[in-house]
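Peer 1: I am attaching a structure below and will ask some questions about it afterwards.
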Amino acid sequence: MTTTLSALALEVYDPTGPIEITELHASRLDTLAGKTVCEISNGKWEIERIFSRIRALLQQKYPDIKIIPYTEFPEGTHEIQDQRIADLVRQKGGQAAIIGNAG
């Protein structure tokens, strides 16, 4: 028994639709050398271990970096709006932030 298949056409549509960029990210720093970086915790899994490791790696690569640990920010910082986080980082003199951890 022989089966004959006719040519099939398959059309695939992108379900995400077009993406319009309405807000650009802040400009990126060219280096973290000599910068102040704030840690903002999301209060999840093993924040002490993860942030201390990130901190050590950054300090190894950028010896003159200043890191303000997540413990110097109010509890629940991870639940506040983006603008409030930005304001807190600025108040601490931060030029960059590591936000979150794991979920």
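Peer 1: May I ask you to list the residues in the stretch 56-92 that are farther than 20 Å from His25 by Cβ, modelled with pLDDT under 95 and either out of contact with any Ser or Thr (no Cβ under 9 Å at 6 or more places or on another chain) or in a loop (DSSP other than H, G, I, E, B) (or both)?
Peer 2: Selection gives Pro69, Glu72, Phe73, Pro74, Glu75, Gly76, Glu79, Gln91, Lys92.
Peer 1: Can you pull out every residue in the stretch 31-62 that is over 17 Å from the mean Cα position of the chain (by Cα) and either surrounded by 13 or more Cβ atoms within 10 Å (Cβ to Cβ) or of a type in the set (Gly, Ala, Ser) (or both)?
Peer 2: Within the stretch 31-62, Ala33, Gly34, Lys35, Ala56, Gln59, Tyr62 qualify.
Peer 1: Okay, moving on. Test each condition in (1) touching a Phe, Trp or Tyr at 6+ places or on another chain (Cβ under 9 Å); (2) modelled with pLDDT under 85; (3) of a type outside the set (Ser, Thr, Tyr) for Gly34 and report the one that comes out false.
Peer 2: (2)
Peer 1: When you look at Glu46, is it in contact with a helix residue (DSSP H, G or I) (Cβ under 6 Å, 6 or more places away or on another chain) and modelled with pLDDT of 75 or more, yes or no?
Peer 2: The answer is no for Glu46.
The values are calculated or read from the model by the stated rules, or taken from the named source; none is laboratory data. Computed from a predicted model, the values in this text were never measured in an experiment. When we count neighbours, we look across all protein chains shown, and the Cβ atoms used for this are built from the backbone with ideal geometry, even at glycine.
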